[in-house]
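Here, each number is a calculation from the coordinates, and none is a lab measurement. Note that this is a predicted model, so its numbers are computed, not measured. Every residue, glycine among them, receives a Cβ derived from its backbone with ideal geometry; neighbour counts consider all protein chains shown.
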Amino acid sequence: MTEHNRPFTAHSFEKYLEEGKLMASRCPRCQEIYLPVRSICPICLETGLEWVECSGQGRLAAFTAVHIGPTFMNEEGFGRDNPYLTGIVELEEGVRISARLLGLDPGRPDQIELGLPVQVEIIQLGPEEDRKPQLAFKAVNA
Amino acid sequence: MSKTSRSLARGVSLIGAGMSKFGSFPEKSSRDLFVEAFLEMRSSVDREFDPRDIEALYIGNFSSDLFEGQAHTAPIMADAVGMIPRPAVRVEDACASSGVALREGILAVASGLYDIVLVGGIEMMTNLPTSEVTDTLAAAGDVLYEIPVGFTFPGFYAAMATAYFDRYGASPEDLMRVALKNHANGALNDKAQFGVSIPDWMEKRKASAQRKGKPVPDWTDEWDFLTDDRANPMIAWPLRLFDCSPITDGASAALLVADEIAGSFTDHPIRIIGTGQASDYPLHDREDLTSIQAARLAGQQAYQMAGVGPEDIQLAEVHDCFTIAELIACEDLGFFEPGNAFQAVAEGTTDRDGNIPINTSGGLKSKGHPVGASGIGQTVEIFKQLRGLGGERQIPGQPTLGLSHNVGATGQTCAVHIYRREK
């Protein structure tokens, strides 16, 4: 499929991540950008949205270091004494998205400041035969 | 077009309310707990009435499917309390399930279709190990965009806390004050799961260590205890164990009737004078991470319908699933300006003898959080306080105006209700 006719679904979003692209949808009428992707613009109810690639540059808006995680993260080796960082990133396009955070010390979350510049870095999770992309951002200076 | 002000087609009164004990009950199921709640509700109604006169049931439940392997739970609950063949409806809005069930019951009576409606909530959570409870609760988040990057419910509220700290200069100690207050209240509530104050909890831990011949921890006070990683481990930074509501089994029930027949049940009906409900985006799509828009809007709707403002409210049960959530709730409801709630807690304004007592029941934090039952659990406390049945935790001054605030997930749903005792 070409970029222009993929449906605006989470499945398409994930396929783009596998290809190394952070893609959002944009309303051609009001130019508003949506991430997570939408197929209907909630502002002008336009349905002919288009895919747009995000720069991947953003800033940290909120975060946490998770010590008690879901099963799939425990299976990655995380846990009570080995926390991971996850949070919300505001992209330079003005939209916000939830993502893992890399290049920072999960043991010293008190050292992490909101507004920190970050850059997209898509990682792979899961067993060898069933790898899935996970959206992450890395501290720019790390 | 949305109307700016709405009113019910006819008035609705709360004439009875009850709850099961909240806690961990491996030998019971949710229907057993609902029967307990129903019986306490029935005995709270002043005059004899025939339960067969109840015309419908609205029951809040998040996930009996995943927690108990039981779907289609509404008729089972109706059966357990002798209501077959009356219509029974399950309402699911995550942790706001029974706050919304209450609202649906109100709307059903206000419509004129029914005169007497039972509303309630159930959740049986402790059958599963903690990791599976974490996974089940995560289903209330956005499973396509939030959960796959490792967010958990403590994690969402922890992220809100980092935004709140950053904007207003609050600290983890400010959150701990919420837990200290709510546990002090819960210690006076025999229905509470962890009805013990934090200082008493600390002393019990010391005594237990001594009894077992283990090294006795040298905590000097509750602050020392709350900042010790072993006593109060980190769950999702900056939230520790005592910032989180527990995993709980429990049920709640309330009886609603049309205002015009309330006098045949009691001389002291409590009118539900305001109801509001709103929805919101997942957390990352919100403009402000330090406030919940659905709560602000639901509160405004309820205040407008009731013809009162936040300054008139004499007590409130708010959705303190995490300590940070109580601070945000108090600001969203207009009790304090944005960024001021943590100072108000420190000054005692939200204590039982403060200007606006918050969570006199112990809140979800100490009383427990059986997610689908929590909303009407709040209604039970407002009922008790407005009827002067609060016992040791009764607030002074014979309150007549109370509010409940029940949030689903990170605030994608919020239901707010305002209650007034007329005489």
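Note: relative contact order over chain B, using C-alpha pairs below 8 Å and six or more positions apart, is 26 percent. Each helix, a run of at least 4 DSSP H residues, gives -39500 (n - 2.57); summed and divided by the residues of chain A, these come to -2000 deg cm²/dmol at 222 nm.
In the elastic network of chain B, a GNM with C-alpha springs shorter than 10 Å, the most mobile of B:Ala96, B:Ala341, B:Ala17 is B:Ala341.
Between the alpha-carbon centres of segment B:181-224 and segment B:47-72 there is a gap of 36 Å. Counting Lys and Arg as +1 and Asp and Glu as -1 over every other residue whose Cβ lies under 12 Å from the Cβ of B:Thr410, the net charge comes to -3.
Output the antiparallel fraction of DSSP beta bridges having both residues in chain B, as a percent to the nearest 5. Approximately 75 percent, going by the DSSP bridge assignments.
Computed over chain B with a Gaussian network model linking Cα atoms closer than 10 Å, the most mobile of B:Lys214, B:Lys365, B:Lys384 is B:Lys214.
When chain B is treated as a Gaussian network with alpha carbon springs shorter than 10 Å, the biggest mean-square fluctuation among B:Pro199, B:Pro26, B:Pro338 belongs to B:Pro26.
What separates the Cα centres of segment A:52-93 and segment B:338-399 is a distance of 34 Å. Counting, for every residue in B:275-288, the Cβ atoms of other protein chains within 10 Å of its Cβ and taking the mean gives 3. Summing Lys and Arg as +1 and Asp and Glu as -1 over all other residues whose Cβ lies under 12 Å from the Cβ of A:Arg26 gives a net charge of -3. With a cut-off of 15 Å between beta carbons, the residues surrounding B:Glu48 carry a summed charge of -1, where Lys and Arg count +1 and Asp and Glu -1.
Per-residue mean of foreign Cβ neighbours for A:55-67 is 6 (Cβ atoms of other chains, 10 Å radius). Taking 32 Å as the limit for the C-alpha separation, the pairs B:Lys191/B:Lys212; B:Lys206/B:Lys367; B:Lys212/B:Lys367; B:Lys214/B:Lys384; A:Lys132/B:Lys365; B:Lys191/B:Lys423 exceed it in the case of B:Lys214/B:Lys384; A:Lys132/B:Lys365.
For the residues of B:230-240, the average number of beta carbons from a partner chain within 10 Å of their own beta carbon is 5.
By the count of neighbouring beta-carbon atoms within 10 Å, fewest first, B:Glu392, B:Glu68 end up ordered B:Glu392, B:Glu68. Classified by the C-alpha gyration tensor, segment A:3-53 has a prolate form. Its axis ratio a/c, with a ≥ b ≥ c, is 1.5 or above, and a/b is larger than b/c.
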